[in-house]
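Let me begin by presenting the structure, written as structure tokens, before commenting on it.
Any read-out appearing in this document is the output of simple, stated calculations on the displayed coordinates, not a laboratory observation. All values derive from a computational prediction rather than experimental measurement. Here the Cβ positions follow ideal geometry from the backbone for every residue, glycine too, while neighbour counts run over all protein chains shown.
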Amino acid sequence: MSGRVFDVQRFSLHDGPGIRTVVFLKGCPLRCSWCANPESQRAEAEIAWFVGRQCALCGRCAVACMCEAIRVDDGRVLTDRRLMGRQVTIDEVMAEVRRDAVFFRRSGGGVTFSGGEPLAQPGFLLECLRRCRRWGYHTAVETCGQAGWEDLREAALFTDLFLYDLKQLDSARHRTLTGQGNELILGNLERLLGLGVAVTVRVPVVPGANDDRESLSALAGFVARHRGIRSVELLPYHPLGLHKYDALDVAWSRVEKPDPAGLEAMAAYVAEVAAGVDCVVTRGLG
Ligand code: SF4
């Protein structure tokens, strides 16, 4: 069995406990306007064209190149061509993961499957999770929740921690922001909590999308009503992924970064309303 992966990051300290290897699967059913990884969204592999770092913009290389590996576009000379996404077998991806087994053991870490949406490739994800469980690695799945319940339920059998994204509690606004309503996402989260699995809710804090009083109050109320939620992480929006939109020739819109003081106040408010649930501001979007 094989799947499509667009990155494997080693030594992450932010995506679950301890030192982690994060496997990023390609494909996502949502189209969040702030997505930091636009290369994750499409299921198929794609080519991104980046501006070369030492480029003097003369364009002579594009004329000389016999194999069309260089492109001139809107005054930019695109010399750095990268394939986003590669097809890998389970054995290949697990061999990459296995390199860091010693760090998992020493730090209490493990493997996190992220994306994109890892449940967009359910068969591949489930087999990876099964192997991790067999080898004794802690497993985490970062999901947007827009997935079939049966796949999620089966994944829960082999997952120690879900990092579950909640972007906006109002379904109409959620649809405007991501292309889909949130009914399936909220329903899946409630069913997961019903299974008693560990869930950390992650909220990408995006000015204009979900940092207003109403959105925050709805989030805090939801967390307060669902006592199975272990903790909440607020992930501030950052614009570091914008160059990838240009490289993929995908349109993007400017969003401001959230105010750090406002973020701390948001975290304090959620923690107060949902008494007993930790709410922290963590590093920005992945
Ligand atoms: S759910 Fe995540 S990966 Fe998918 S579009 Fe939104 S931010 Fe990007």
Task: D (Stokes-Einstein, µm²/s), Kirkwood Cα radius, the chain, 1.306 mPa s at 10 °C - done: 79
Task: Selected from VAL197, TYR245, VAL277, residue furthest toward positive end of dipole (the chain; charges at beta carbon) - done: VAL197
Open item on the list: Can you find, among ASN37, VAL141, SER12, the residue sitting farthest towards the positive end of the charge dipole of the chain, where Lys and Arg contribute +1 and Asp and Glu -1 at Cβ?
Closed with: SER12
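What are the trypsin sites (Lys or Arg not before Pro) within the range 72-158 that DSSP puts in a loop, where the Cβ has at most 16 other Cβ atoms within 10 Å?
Numbers: sites: ARG76, ARG81, ARG82, ARG86, ARG98, ARG99, ARG105, ARG106, ARG130, ARG131, ARG133, ARG134, ARG153; in loops: ARG99.
Answer in residue order: ARG99.
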Open item on the list: If you filter the range 188-275 for GluC sites (Glu not before Pro), then keep DSSP loop positions with at most 14 other Cβ within 10 Å, what is left?
Closed with: GLU256
Task: Cα lying deepest toward the dipole's positive end in the chain, options ALA268, LEU216, GLY123, charges on Cβ - done: GLY123
Open item on the list: How much of the pair distance distribution for the range 1-86 lies past 15 Å, counting alpha-carbon pairs only, in percent?
Closed with: 69
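Suppose every Lys and Arg Cβ carries +1 and every Asp and Glu Cβ carries -1, with no other charges. What dipole size does the range 1-97 come out with about its Cα centre, to the nearest 20 debye?
Values: 13 positive and 12 negative charges, 43 e Å.
With only Lys, Arg, Asp and Glu charged at Cβ, the dipole is about 200 debye.
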Open item on the list: Using only the alpha-carbon atoms, what does the range 39-161 span along each of its principal axes? Please give whole angstrom values in decreasing order.
Closed with: 56, 34, 21
TODO: Determine, from the Cβ-Cβ distance of TRP135 and HIS238 and an R0 of 30 Å, the FRET efficiency 1/(1 + (r/R0)^6), rounded to the nearest 0.05.
DONE: 0.30
TODO: Between the alpha-carbon centers of the range 168-217 and the range 99-144, tell me the distance in whole angstrom.
DONE: 23
Open item on the list: Test of understanding: what is the full-extension gain from PHE50 to LEU195, defined as 0.36 nm times their sequence separation minus their Cα-Cα distance?
Closed with: 47.7 nm
Task: Between the range 1-24 and the range 231-251, the Cα center-to-center distance that results, in Å - done: 18
Task: Cross-link reach list, lysines versus LYS257, counting only Cα pairs under 17 Å and skipping chain neighbours closer than eight places - done: LYS167
